[in-house]
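Chemist: Quick one: this structure, given as structure tokens, is what I'll be asking you about.
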Amino acid sequence: MSDLPSVFLHLLLLFKLVAPVTFRHHRYDDLVRTLYKVQNECPSITRVYSIGRSVEGRHLYVLEFSDHPGIHELLEPEVKYVGNMHGNEALGRELMLQLSEFLCEEFRNRNQRIVRLIQDTRIHILPSMNPDGYEVAAAQGPNKPGYLVGRNNANGVDLNRNFPDLNTYIYYNEKYGGPNHHLPLPDNWKSQVEPETRAVIRWMHSFNFVLSANLHGGAVVANYPYDKSFEHRVRGVRRTANTPTPDDKLFQKLAKVYSYAHGWMYQGWNCGDYFPDGITNGASWYSLSKGMQDFNYLHTNCFEITLELSCDKFPPQEELQREWLGNREALIQFLEQVHQGIKGMVHDENYNNLANAVISVSGINHDVTSGDHGDYFRLLLPGTYTVSAIAPGFDPETVTVTVGPAEPTLVHFHLKRSIPQVSPVRRAPSRRHGVKAKVQPQAARKKGMEMRQLQRGPA
């Protein structure tokens with residue numbers, strides 16, 4: 001009989017372990033417990049890891065779903081969700097916890113759709129990018145004055161205005177020529193961003209993410225790049241203007257997938273605003289500088305959209321179940337969108353993997369690169385494309401490929417080393433007979449002025 005209390009305690013702990021996530025707001029400690037509870041329920045397909053700490057020292061925890069957690073499997077795409085970037089926008093945080101519990105439970109129930117998704121995809125869920133701001137907002141509580149309380153991090157910085165501004169350079173490059181992808185960061189970028197931003201950028205460097213969504217609140221619409229308009233500021237006034245990426249049609253499709261799978265986003269009329277099909281180009285809504293969405297597209301292989309999911313930034317607890325039911329199918333369908341377009345391996349003639357090979361699609365002025373393991377992923381709409389693989393020291397290879405509406409098309413590249421071309425030796429002209437290149441100071445001044453004008457914008 002002496003063992004009965006310990007057995008009862010064990011059963012009580014087991015019951016608490018498998019209890020579903022309740023529809024309530026989760027403070028930081030509750031969030032951490034929930035993530036580890038899901039990991040304990042589904043240890044074979046989950047992993048909890050931290051990408052860094054907030055200003056006040058809270059971990060930025062990520063929950064990973066994969067049939068081989070912690071391992072990148074060749075040709076298996078990586079996708080991420082980021083919630084609670086603005087601390088007072090709480091719905092995304094709760095949806096990510098609900099999604100985590102749902103994926104685990106449905107996998108255990110052998111739901112074949114979820115089993116296949118987890119077997120074929122590596123999913124990373126960051127429920128809160130701004131845990132410090134959330135604690136400030138949660139302490140105030142919903143339905144209280146102070147619409148923006150908790151929005152920023154503990155240093156008072158808006159994290160969605162804190163990424164290096166690469167739009168300035170891509171707009172310049174589009175006009176004068178230059179790289180159209182993986183734009184480099186400034187040398188001093190680490191000192192210019194907040195700890196949470198720095199952690200997320202390093203996270204992006206650690207994984208070859210293909211698709212992403214960033215969850216916000218305050219409207220109901222699927223927002224796609226670019227967020228910053230080409231004429232971001234004219235005479236001190238922010239200009240809104242449709243500013244499409246080279247992948248505009250693809251981004252519109254990704255946004256529509258979420259909108260039409262959502263319970264009511266597709267209707268367009270929400271929160272006093274109207275967005276046809278429930279989607280919008282970010283810059284045509286309002287121009288935003290140094291945002292995370294554009295940064296993903298311009299610095300990495302990742303295509304990210306921003307999901308505005310609720311009129312109320314911090315919805316009352318009793319609305320959480322309705323919001324989950326309205327977003328559940330959309331969250332799953334969006335994850336499935338990573339399986340479209342083309343993917344494959346880039347090898348040399350000895351079948352060694354080639355990392356950082358450039359994959360270029362004719363007619364789309366935005367390239368992607370192969371990852372550290374030599375595999376690449378290029379999201380594309382159905383159609384026929386001319387695709388090239390290019391790597392330094394190798395001859396490029398070009399193929400024509402047809403992309404269907406379902407599974408991605410496998411396209412592998414085998415690059416051969418270039419044979420160096422020997423140039424004939426030429427005698428240099430003497431100084432007396434040399435010809436100096438003519439400098440065009442007026443054109444140079446014009447390019448410099450335009451570059452400085454592009455760089456003007458709010459911090």
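The values are calculated or read from the model by the stated rules, or taken from the named source; none is laboratory data. Keep in mind it's a predicted model, so treat the numbers as computed, not measured. Note that we place each Cβ from the backbone using ideal geometry, even for glycine, and neighbour counts take in every protein chain shown. Side chains are part of the model used for accessible areas, which takes the heavy atoms of the whole protein and leaves out ligands, DNA and RNA. Shrake-Rupley method; radii C 1.70, N 1.55, O 1.52, S 1.80 Å.
Chemist: Would you kindly state how much longer the chain becomes between Gln267 and Gln112 on full extension, computed as 0.36 nm times their sequence separation minus their alpha carbon distance, in nm to one decimal?
Modeler: Using 0.36 nm per residue and subtracting the Cα-Cα distance, I get 52.8 nm.
Chemist: Also: Considering just Cα atoms, how many Å³ per residue does the convex hull of segment 178-233 enclose?
Modeler: It comes to 172 Å³ per residue, whole-number rounded.
Chemist: Could you give the C-alpha radius of gyration of segment 229-335 expressed as a fraction of 2.2 N^0.38 Å, taking N as the number of residues it contains?
Modeler: 1.17
Chemist: Can you give me the distance in nm between label points at Thr386 and Ile419, each placed 7 Å from the Cα along the Cα-to-Cβ direction?
Modeler: A separation of 2.5 nm, rounded to one decimal place.
Chemist: Can you compute the FRET efficiency between Leu75 and Arg27 using 1/(1 + (r/R0)^6), with r the Cβ-Cβ distance and R0 = 56 Å? Round to the nearest 0.05.
Modeler: Rounded to the nearest 0.05, the efficiency is 0.90.
Chemist: Right, another one. I'd like the carbon and sulfur percentage of the solvent accessible area for segment 23-337, probe radius 1.4 Å, heavy atoms only, ligands and nucleic acids excluded.
Modeler: 47 percent
Chemist: Got a sec to turn the phi values of segment 290-297 into Karplus ³J(HN,Hα) couplings, 6.51 cos²θ - 1.76 cosθ + 1.60 with θ = phi - 60°, whole Hz, x for Gly and Pro?
Modeler: Couplings: 6, x, 6, 4, 5, 4, 3, 5 Hz.
Chemist: What FRET efficiency, computed as 1/(1 + (r/R0)^6) with R0 = 22 Å and r the Cβ-Cβ distance, is obtained for Tyr172 and Ser362, rounded to the nearest 0.05?
Modeler: The pair Tyr172/Ser362 has a calculated efficiency of 0.40.
Chemist: Provide the FRET efficiency to the nearest 0.05 for the His412-Asn242 pair, computing r from the beta carbons and using R0 = 51 Å.
Modeler: Approximately 0.85, to the nearest 0.05.
Chemist: Expressed as a whole percent, how much of the Cα-Cα distance distribution for segment 26-177 exceeds 27 Å?
Modeler: The calculated P(r) of segment 26-177 puts 35 percent of pairs beyond 27 Å.
Chemist: OK, next. Would you mind calculating the gained length between Glu56 and Leu325 on full extension (0.36 nm times residue separation, minus the Cα-Cα distance), in nm to one decimal?
Modeler: Gain on extension, Glu56 to Leu325, equals 93.5 nm.
Chemist: Moving on to the next point. Full-extension gain between Asn353 and His373, please, as 0.36 nm times their residue separation minus the C-alpha to C-alpha distance.
Modeler: Full extension from Asn353 to His373 adds 6.6 nm.
Chemist: Going by Cα centres, segment 110-138 and segment 186-230 are how many Å apart?
Modeler: 16 Å
Chemist: Hey, another quick one. If you keep only loop residues by DSSP, which GluC sites (Glu not before Pro) in segment 298-382 have at most 15 other Cβ atoms within 10 Å of their Cβ?
Modeler: Passing both the DSSP loop test and the Cβ count: Glu349.
Chemist: Kirkwood Rh over alpha-carbon pairs of segment 342-417, then Stokes-Einstein at 10 °C and 1.306 mPa s: what D in µm² s⁻¹, rounded to an integer?
Modeler: 129 µm²/s
Chemist: If you roll a 1.4 Å probe over the heavy atoms of the protein chains, what accessible area per residue do you get for segment 104-206, in Å²?
Modeler: 44 Å²
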